[in-house]
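The values are calculated or read from the model by the stated rules, or taken from the named source; none is laboratory data. Keep in mind that this is a model prediction, so the values were computed, not measured. Here the Cβ is made from the backbone with ideal geometry for all residues, glycine too, and neighbour counts use every protein chain on show.
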C-alpha cells in the first residue's frame, strides 16, 4: 500500500460504486480531475472475447449483497493511506457485453508516478477483496466461474 507524505491529506473519494448500469469511463475520469491534478490515470477493465485461448461469447458478473459496502471500505481505506489527490472506482455486475467496461478506476495526483502506482495497486486490491464472481460462457458450449473482479 502507498503511504502519504507527512503533511499531505488523504485522497478524496469521489465515487465507489457497484452498478448494473453501463460505466461511462470518461464521466468517472471527470470526477477526479481538477486544477490540482498533474497526472490522471484511468483504468478500464473491459470484457474481452477470449480467455486462455478460448473464445468468450458472453460474461456475467455476480456480486454478493455486501459488494457495495466492501468496495466503499476498500476504496476509503486505500484513500486514507495513499499519496494521491482523488480516487473513483466503479464495478459493474450483471451481464456485460463484449467490449464494455467491468471495472473502471480513476486516480488523480500531482505527479504521474504516484498516479500510476496507486491505480495499479487499487485495481489489484479491488480484484482481491471484492466479493464478485465472473461467469464466462465459451463458443464451445462450456462455461466457467472465476472468483475475481
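If you go through the range 56-73 one residue at a time, do you hit one that is more than 15 Å from the chain's Cα centre (by Cα), over 16 Å from residue 93 (Cα atoms) and in contact (Cβ under 8 Å) with a residue 24 or more places away in the chain?
Yes: the range 56-73 contains one or more residues that are more than 15 Å from the chain's Cα centre (by Cα), over 16 Å from residue 93 (Cα atoms) and in contact (Cβ under 8 Å) with a residue 24 or more places away in the chain.
Mind checking which residues of the range 100-118 are over 15 Å from residue 71 (Cα atoms) and buried (at least 16 other Cβ atoms within 10 Å of the Cβ)?
101, 107, 108, 109, 114, 115, 117, 118, listed by residue number.
One line per residue, one yes/no per condition, for (1) buried (at least 17 other Cβ atoms within 10 Å of the Cβ); (2) more than 29 Å from residue 138 (Cβ to Cβ); (3) at pLDDT 95 or above:
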residue	(1), (2), (3)
56	yes, no, yes
61	yes, no, yes
64	no, no, yes
73	no, yes, yes
81	no, yes, no
86	yes, yes, yes
89	yes, no, yes
94	no, no, yes
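Just need a number here: residues in the range 54-78 that are more than 27 Å from residue 144 (Cα to Cα) and out of contact with any strand residue (DSSP E or B) (no Cβ under 9 Å at 6 or more places or on another chain).
Qualifying residue count for the region: 1.
Can you tell me which residues in the range 11-33 are out of contact with any helix residue (DSSP H, G or I) (no Cβ under 8 Å at 6 or more places or on another chain) and surrounded by 13 or more Cβ atoms within 10 Å (Cβ to Cβ)?
19, 23, 25, 27, 28, 29, 30, 31, 32, 33
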